[in-house]
Each structure stands twice: as structure tokens, then as C-alpha cells.
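What follows is one structure encoded as C-alpha cells, with my remarks underneath.
The values are calculated or read from the model by the stated rules, or taken from the named source; none is laboratory data. Computed from a predicted structure; not experimentally measured. Every residue, glycine as well, gets a Cβ built from its backbone with ideal geometry; the counts of neighbours run over all protein chains shown. The protein model used for the area step is the full one, side chains on, heavy atoms only, and it has no ligands, DNA or RNA in it. Shrake-Rupley method; radii C 1.70, N 1.55, O 1.52, S 1.80 Å.
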Amino acid sequence: FVNRESREQAAVAPEAPVTRLAEDLSVHWDQVENAESYIINVNGNDLYSTENTSFSVLSVPGTYKIRVQALNKTEKSDYSNEVSYQTLGVTVPQDDLYTVLGDPVVGYGMDYTFTLEIAEGCTQCEPVVEVNGQVVTPDAGGNYTAADVTENLTVTVKGVELNSYPVSLPAGTGYTLSGEP
């Protein structure tokens, strides 16, 4: 048995969400009355439905236009306002002697911050870190930053080598030592 009031509530379409873009490029909206879930639309394609009221930045470089639609069991809203952003790619080197830690994308016009971890056997090295051919130096916390990024980034690291130590091979009677000094 379904009463008349329940049927009328179920037939009411939810209002369109109002989306906003956060500094970290995630998209947020407030819970919409009479909505049970939300459809995320990116560049004109409905990607998926969620009960959350946020959508995280996409990790593939590109330009994105995002809007959201609220829905319940029988109805859906108009699409929300559109928010857009652009992400650029970051290429980091891979090496056994060090690890560059940072996101694979950066928002257009934003700062990109990353760190460098040196392997244990490289305590004597003096790394030189470059972003797109420009030397960058770490801050007091060990973070490297490329400011106001407007193009894809390539991080390079030079000057990281395994420690080396001189070895003396003494001469003696009755034995011969050989090897690299």
C-alpha cells in the first residue's frame, strides 16, 4: 500500500546542484533535497553515479568541463552549473638511487611541489634537480616547487651516485692482492 503523499514526493524532481571548484581541483556541491544520488558528467559524458557530494581531480592531463545531475528513484534534475579546469602532465625520472615523489598532474596556473628521496648508499652525492631545464632548490622542509605552471613538466635529477671509498691494497710476502683501488 502506497499512500498518495509518498507517490507525490517520489515524482518530484530534485533541484539541480550548484557546483564549485576547490583549490585542489576537486568539485563539490551541497546535498540536494529529494536526491538519492548524483550523476557526474565530464566533457559531455555521464561517467558514473555516486552518493557523494564531491568529485576528485582527474589524473590524466587534459581540459575538463564538469557538471552534476541529482536524481531519485523516478526523476532527475537539470544539470548543474559547469566548472572547468585544465591539468598538465608531469614526467618524473625512475632510478634505483632516488625516488621523486609527486602527483602525475598539476593544475594549469598552479604551483607543483614534489620531494626527492635519496637511497641509503648515496649519502655523499650532491643532487641537482631541474624542472624543464631550470634548476630548482629545496625549501627548508626538502620540498621542491615549480611555480605558476603553464606547460607540461619534466623533472630531471643529476649528481646522484653510489658512495665510493678508496681501498689500499698492501703488498706482502707470500700473497698477492688484486682489485680496483
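Just a yes or no: is a residue in the stretch 158-173 in a strand (DSSP E or B) and open to solvent by less than 50 Å² (accessible area, probe 1.4 Å)? No - not one qualifying residue is present in the stretch 158-173.
For the stretch 112-135, the set of residues classified as in contact with a Leu (Cβ under 8 Å, 6 or more places away or on another chain), closer than 17 Å to L88 by Cα and surrounded by 15 or more Cβ atoms within 10 Å (Cβ to Cβ) consists of Y112, F114, V131, listed by residue number.
Restricting attention to the stretch 85-97, the residues that are touching a residue at least 24 places away in the same chain (Cβ under 8 Å), in a strand (DSSP E or B) and either surrounded by fewer than 18 Cβ atoms within 10 Å (Cβ to Cβ) or on the phi > 0 side of the Ramachandran plot (or both) total 3.
Highlighted here are the strands (runs of 3 or more DSSP E) found entirely within the stretch 6-77 that include at least 2 residues which are at pLDDT 95 or above, open to solvent by 50 Å² or more (accessible area, probe 1.4 Å) and among the charged types (D, E, K, R): 62-71.
Restricting attention to the stretch 111-128, the residues being part of a loop (DSSP other than H, G, I, E, B) and modelled with pLDDT of 95 or more number 1.
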